[in-house]
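The values are calculated or read from the model by the stated rules, or taken from the named source; none is laboratory data. Bear in mind that the values here come from a model prediction, so they are computed numbers and not experimental data. Glycine also receives a Cβ, built like all others from the backbone with ideal geometry; neighbour counts cover every protein chain displayed.
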Amino acid sequence: MGDFSAVLADWPNARRTDVCQNTTQAQVARILTKDNLAPVDFLRLLSPAASDMLEDVAKRAHQLTLRYFGRAVSIFTPLYISDICTNQCRYCGFNAKNKQKRTHLSVDEAFKEAKFLHDQGHRNILLLTGDAPKISSPAYMAEVVSKIKPLFASIGIEVYALSEDEYSLLVKTGVDSMTMFQETYNPELYAWLHPVGPKHDYHWRLAAPTRACQAGMRSVGVGALLGLEAFEQDTFATGLHAYWLERTFPGVDIGISIPRICPHEGEFEVQHPVDDRHFAQYVAALRCFLPRSCITCSTRESAYMRNHLLALGVTRISAGVSTKVGGRSTAPQDNPGQFEITDKRSLTAVCEDLANLGYQAVLKDWEDPTESSAQTACA
Ligand code: SF4
């Protein structure tokens, strides 16, 4: 099967920069006529030459989005169940050095929060914890999943890197998707950003999506935190990772998330801010390279930006978001969230806006064969 780190090693940073800087507009124009793109084509679509042809790249991305996804947009919402974390990621509000109040929901509290989200209409939920394996253990997550499973059509996880056996346990319990942000694919930068804690292990994290696929996860997503590394570096590595996973595990739905770094508790200076034009270029390039892959855009982005990215390739967005642990139906919590959200729209408001833009909000995009009826879209 091979190993993604070996694939990545064929693309050292200098090679990526060289390809980008030497890409011509004629090459970009030719790539936009191709049906199947190679990784080098994707890299050329991230180049300055492609940036100058953004309208053309966007047009192609729009055609492909309509061809493979129509005007359907999947909706999910996150549920943070613990912000206790042993890591010290320099860019994160949950960093163990931040002396904020921490909250860890009991299984019953998690159920109450989940029930609240269910009653609002959510059917697709993403569970998040900090990295504290003794407290937010796989067994704890499995207990939460077992309890809330009847409420949701789909339960995803965005938690610390687990072993294949731990992913298997969660799959058996009812988890069908996992997302793992590598944050940056640059190992030296990664080591500096994650100085201590279990997350310091770059290779363990890099191989987590592979372990999740091997464990039988239906859907696996990858992503880098945009702003940490130079634009063409982590965007290319993320697309390459998704491309390799798609070919290695053809039965698994591989998706990409596109988080741009947000303000947070503590001090972190963003070294490589990604402006809106480059952000749009990334989404359009991803869609051209991976026409069938789900692209997820979170509420780190504004409603305006998220609405506009739908045409370029975004097919999954969150709604009714809080990045705090608890406080929706359990007692109000005074813990700060992991990061500041920009798009604060409720589920209803997101559905209405999508309808006004001519899109269908899909709350439940796959059917458990054992279930007979399902709400599939916003009323
Ligand atoms: S990014 Fe995740 S692992 Fe790192 S400090 Fe924040 S919650 Fe913990």
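Some points to look at:
- Filtered residues of the range 209-234 (kept if in a helix (DSSP H, G or I), over 29 Å from LEU45 (Cα atoms) and within 16 Å of the chain's Cα centre (by Cα)): ALA212
- Qualifying residue in the range 174-189 (condition: assigned to a helix (DSSP H, G or I), surrounded by fewer than 21 Cβ atoms within 10 Å (Cβ to Cβ) and touching a His at 6+ places or on another chain (Cβ under 9 Å)): yes
- Contact annotation: residue pairs with Cβ atoms under 7 Å, 6 or more positions apart or on different chains, pairing a residue in the range 81-106 that is of a type in the set (Phe, Trp, Tyr) and in a loop (DSSP other than H, G, I, E, B) with a partner that is within 7 Å of the ligand (Cβ to nearest atom) and modelled with pLDDT under 90, are PHE94/GLN338.
- Every condition in (1) within 30 Å of TYR359 (Cα to Cα); (2) in contact (Cβ under 8 Å) with a residue 24 or more places away in the chain is met by THR24 except one, and the failing one is (1).
- Across the range 192-208, the number of residues qualifying as assigned to a helix (DSSP H, G or I) and either at positive phi or within 14 Å of the ligand (Cβ to nearest atom) (or both) comes to 9.
- Residue match in the range 48-70 (condition: among the aliphatic types (A, V, I, L, M), in contact (Cβ under 8 Å) with a residue 40 or more places away in the chain, within 16 Å of the ligand (Cβ to nearest atom) and closer than 23 Å to ILE261 by Cα): no
- Residues that are away from the ligand (no atom under 14 Å from the Cβ), among the hydrophobic types (A, V, I, L, M, F, W, C) and buried (at least 20 other Cβ atoms within 10 Å of the Cβ), drawn from the range 76-110: PHE76, LEU79, LEU105, ALA110
- Pairs linking a residue in the range 126-142 that is without any contact (Cβ under 8 Å) to a residue 24 or more places away in the chain and assigned to a strand (DSSP E or B) to a residue that is small (Gly, Ala, Ser) and within 11 Å of the ligand (Cβ to nearest atom), with Cβ atoms under 6 Å and 6 or more positions apart or on different chains, do not occur.
- Residue match in the range 124-132 (condition: within 12 Å of the ligand (Cβ to nearest atom), hydrophobic (A, V, I, L, M, F, W, C), closer than 28 Å to TYR202 by Cβ and crowded, with 18+ Cβ neighbours inside 10 Å): yes
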